[in-house]
Amino acid sequence: MTDTKLKITAALAWCLAWGDERESLLPLPTLQKMQNAILNGQEVPAETREIVQQIKKLDGLSKRLDSLPFPSLADIKKDYPELWQQQTAIGLVYGGATKIKGYVFEASNLQDIRGASALLDRINLVDLPAFFGKVKDHSASQWLDKNFSGLKEALIPELIIYSTGGNILAFCPAAFVDDLANAIEKRYTEETLTANSCAVGASFRLLEIRLGLLKDPIEETFWLEDYRKNYQQPLVKAYFGSPKTDAEIVELFKNRKSFNELAGKLASLFQQRRNGNEAGKESRPSRRYPPIFETHPYVVRDENQQRSAIAHITLIPGEPWFSETLVRKRLMGQLSKREFGPEQLPEWYTHLNLDWKPGYVQSWVNQFEEFVHKSPNRYYQTVPKSTKIVEAQRTEEIGNYSDGFIAFIYADGNNMGGYIQKIQTPQEYTEFSQDIFEATKKSVFRALREHLNPYKLQNLANPDSKHLDGTWIHPFEIIAIGGDDVMLIVPANQALAIAQTIGEEFEKILLANNKTTYQITEKDILSNPVTCHRYQDPQNPPQPSQCQLSMSTGVLITSYSTPIYYAEKLTNQLLKSAKKKAKTLKEDFCYHGGTIDILALKSVTMISSNIQEFRESGLTKEQGKQTLKLYGAPYTLYEIGGLIKTIAALKESEFPRSQLYQIRSFIEQGKRTAILNYLYFRSRLNPEKEALLKKQFDNAWCPAKTNNGNIAPWMYESEDKVYETIWREMVDLYPFINGETVGSYQEGDREESLT
């Protein structure tokens with residue numbers, strides 16, 4: 001058995017051996033001996049042998065379900081009577097933080113945003129696993145024992161199916177389902193005071209772990225033969241899918257009637273409870289009344305959400321007023337940036353005489369440093385030896401790397417829901433969550449390592465930052481990495497390359513696991529998905545994506561002084577636009593790769609409405625019977641690489657800056673006017689420079705579809721019969737692309753990155 005399979009076996013055996021009551025059926029030392037024996041491949045105690053044997057038969061049933069013919073309920077009852085008769089329930093709990101962005105980005109200060117994210121990470125990655133004993137002698141374990149009597153002894157590390165991405169899914173003895181769900185919610189509330197959280201649970205029979213939800217009696221369960229008769233019914237079709245052949249009927253039924261159906265039920269209960277409705281047993285406290293802090297009109301408020309302040313902190317620059325919520329965020333922000341150790345709290349906090357302890361979670365920058373030191377790289381090549389490198393404290397410091405401009409990057413996985421629907425066992429859930437989390441984290445670390453270097457601060461404008469001139473920093477901020485989500489702040493001049501590399505590496509890391517489940521089918525490859533790319537480079541032709549899963553990314557380039565809440569809102573809109581593009585390309589071209597949407601925001605007031613409305617009303621023109629789109633975003637990953645090369649070629653061609661802007665104004669006047677003026681200005685370039693621009697822009701992006709004519713700077717989209725241009729975006733991104741440093745990896749670097 002694999003390690004994951006052994007852990008799931010130990011978890012199920014623990015729940016069955018414990019029984020349905022709060023007191024275990026067997027002595028705790030016997031259960032622990034059984035747990036260790038299973039994990040070490042040894043013989044289990046005699047009292048638990050029958051239980052472990054049942055779980056092994058459940059594995060045999062899994063193999064039977066993967067073969068043909070698919071067994072009927074009568075077959076299962078006949079061949080697996082022990083599983084059929086097993087009545088001891090197994091608890092399953094799902095929970096985590098909700099409305100995370102509202103909690104993290106309610107602050108305007110980067111330190112408080114960082115602290116809010118770090119606090120949620122600590123609860124999710126440290127505190128909740130500590131409930132199960134995964135982190136020894138942790139304060140969260142002591143808290144659990146104090147608030148929920150008996151729960152600590154009933155939990156072991158192997159019960160956790162996954163605890164990444166801001167959520168936890170775990171088994172537990174059936175009698176403790178409500179206690180564990182309540183503990184998860186209470187921990188988030190007590191530690192953050194204002195963050196929203198939700199947790200739900202239910203109990204299932206052992207047979208349901210593999211066969212999905214079953215009725216009582218089991219014989220009345222809607223099974224394959226019933227599905228064959230009713231698969232065209234609207235309700236059945238909505239639940240199982242729309243098959244066309246009998247083979248698809250069997251496949252869809254197998255995917256639905258599995259452990260995935262139990263997870264789906266919990267997800268439904270989670271949504272109900274999250275929305276304030278009663279979900280599950282009425283004995284649980286309602287979640288419909290969130291924490292409320294008094295707002296007396298005459299009290300002093302904090303600088304953030306106008307909550308009642310508890311202290312005036314004169315030891316911090318700016319002498320802010322802090323509420324207790326903001327105190328915790330600021331303290332965690334300083335701890336995550338290693339401004340002090342976990343046992344050496346700052347003086348401004350100790351003076352408050354509060355009982356709350358921040359605990360400790362390893363910062364993302366610290367994990368990045370460990371990653372960089374483990375592999376050959378060029379990250380530290382510009383830094384003098386023995387130089388101390390610290391984290392950036394403010395967005396101004398990150399912008400100092402790129403003439404005062406920064407980029408917000410928000411990435412999220414594609415096709416995850418469709419893939420999860422095919423997961424049939426707890427073991428596959430565990431492995432999938434681990435694979436995705438590792439791929440996301442490593443892709444971010446590799447992108448930052450390849451495209452950035454430590455930077456020496458100079459000429460800082462903020463009076464509170466002047467003393468940092470000459471300090472070496474890591475010029476980025478990792479706000480969050482959770483599951484398949486990424487939130488970063490990076491220098492603007494490397495943003496596109498970083499976003500492209502994250503998307504490319506995410507797919508490569510998953511495929512490097514040698515799991516065929518992540519690879520797309522031969523049918524999709526034969527569909528020639530490369531035809532979706534508008535950019536073509538004969539020397540580096542596009543390759544079909546090999547991975548079912550990918551990342552879409554929103555990239556907002558803006559001044560470091562742009563309010564973070566406003567930038568986050570726009571970046572989220574860009575992400576949604578990129579995901580919409582990915583979905584369209586998958587449906588139309590079988591393209592499974594990543595997409596990126598970009599916006600260069602030169603001033604905060606550029607967009608007063610949402611981005612989609614801005615593009616439809618301001619950047620889309622009707623000229624006669626033709627539709628002109630003055631933008632090209634979103635882009636595929638291959639197109640982003642082409643866009644970077646094209647802007648670099650535009651710089652190398654020494655195209656006059658004034659004429660760049662002049663042509664941008666001409667494209668608003670119509671197709672022919674823009675073509676005429678572009679060709680005129682191009683013809684005035686040095687012949688070698690003109691040939692370079694023609695190769696990298698005209699031929700790569702703007703070839704005519706039906707003749708040998710010249711339509712640059714326009715591209716013709718025959719599907720929608722629309723003329724679009726990337727010229728406007730090229731001009732906006734022109735200052736943020738360094739011609740001499742453009743291009744993702746060299747070939748050698750790509751090979752090394754997979755080691």
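Laid out as a table, the results:
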| item | result |
| --- | --- |
| Set of aspartates and glutamates near residue 569 by C-alpha distance (under 18 Å), chain-local residues within fewer than 8 positions excluded | 106, 112, 412, 477, 485, 597, 613 |
| Percent of Cα-Cα distances greater than 26 Å, calculated over the stretch 370-753 | 54 |
| Whichever lysines have a C-alpha closer than 23 Å to that of residue 625, once near sequence neighbours (fewer than 8 apart) are set aside | 671, 705, 721 |
| Reduced Cα scattering model of the chain, Debye log10 I(q)/I(0), q = 0.08, 0.10, 0.11 Å⁻¹ | -0.76, -1.13, -1.29 |
| Over the stretch 422-535 - Rg/Rh using Cα atoms and the Kirkwood inverse-distance radius | 1.12 |
| FRET efficiency for residue 357 and residue 466, using Cβ-Cβ distance with R0 set to 51 Å, rounded to 0.05 | 0.95 |
| Alpha-carbon Rg/Rh ratio, for the stretch 328-382, with Rh computed the Kirkwood way | 1.15 |
| Packing-based exposure ordering (other Cβ within 10 Å, fewest first) of 327, 236 | 236, 327 |
| Crossing angle, helix 657-666 versus the chain [Cα axis fit, 0-90 degrees, rounded to tens] | 80 |
| 0 to 90° range, to nearest 10: angle between helix 259-274 axis and the chain longest Cα axis | 80 |
| Label-point separation, residue 383 to residue 657 (7 Å along Cα→Cβ), nm | 3.3 |
| Theoretical gain in end-to-end length, residue 46 to residue 531 [0.36 nm per residue, Cα-Cα removed] | 168.3 nm |
| Loop GluC sites (Glu not before Pro), the stretch 1-108, which have at most 12 other Cβ atoms in a 10 Å radius of their Cβ (DSSP) | 21, 23, 43 |
| Whole-Å semi-axes of the ellipsoid equivalent to the stretch 430-495 (Cα gyration tensor, √5λ, descending) | 31, 12, 9 |
| Theoretical gain in end-to-end length, residue 683 to residue 20 [0.36 nm per residue, Cα-Cα removed] | 230.4 nm |
| Charge dipole (debye, nearest 20) of the chain; +1 at Cβ of Lys and Arg, -1 at Cβ of Asp and Glu | 1320 |
| Ranking of 472, 727 by count of other Cβ atoms within 10 Å, fewest first | 472, 727 |
| Label-point separation, residue 612 to residue 215 (7 Å along Cα→Cβ), nm | 4.1 |
| Within the chain, helix-based [θ] at 222 nm, where runs of 4 or more DSSP H residues each add -39,500 (n - 2.57), nearest 500 | -13000 deg cm²/dmol |
| Cα-projected label distance for residue 566 with residue 340, points at 7 Å along beta-carbon direction, nm | 3.4 |
| Qualifying lysines (Cα of each under 17 Å from Cα of residue 385; at least 8 residues distant if same chain) | 456 |
| Semi-axes of the equivalent ellipsoid for the stretch 644-747, Cα gyration tensor, largest first, Å | 22, 16, 14 |
| Degrees separating the helix 49-65 axis from the principal Cα axis of the chain, which is the longest one | 50 |
| Largest-first principal axis extents of the Cα set of the stretch 609-687 (Å) | 40, 32, 22 |
| Two-site FRET efficiency, residue 3 against residue 146, from Cβ-Cβ distance with R₀ of 25 Å, rounded to 0.05 | 0.15 |
| Gain in span if fully extended, residue 82 to residue 512, counting 0.36 nm per residue against the direct Cα distance | 150.8 nm |
| The stretch 370-753, relative contact order in percent, only Cα pairs under 8 angstrom and at least six apart counted | 17 |
| Exposure proxy order (Cβ contacts within 10 Å, fewest to most) of 258, 141 | 141, 258 |
| Qualifying GluC sites (Glu not before Pro) for the stretch 298-390 [loop in DSSP, other Cβ within 10 Å: at most 13] | 343 |
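Since every read-out is calculated from the coordinates, none of them should be taken as a lab result. The structure displayed is predicted, hence computed values, not measured ones. Please note: Cβ atoms are built from the backbone with ideal geometry, for glycine as well, and neighbour counts cover all protein chains shown.
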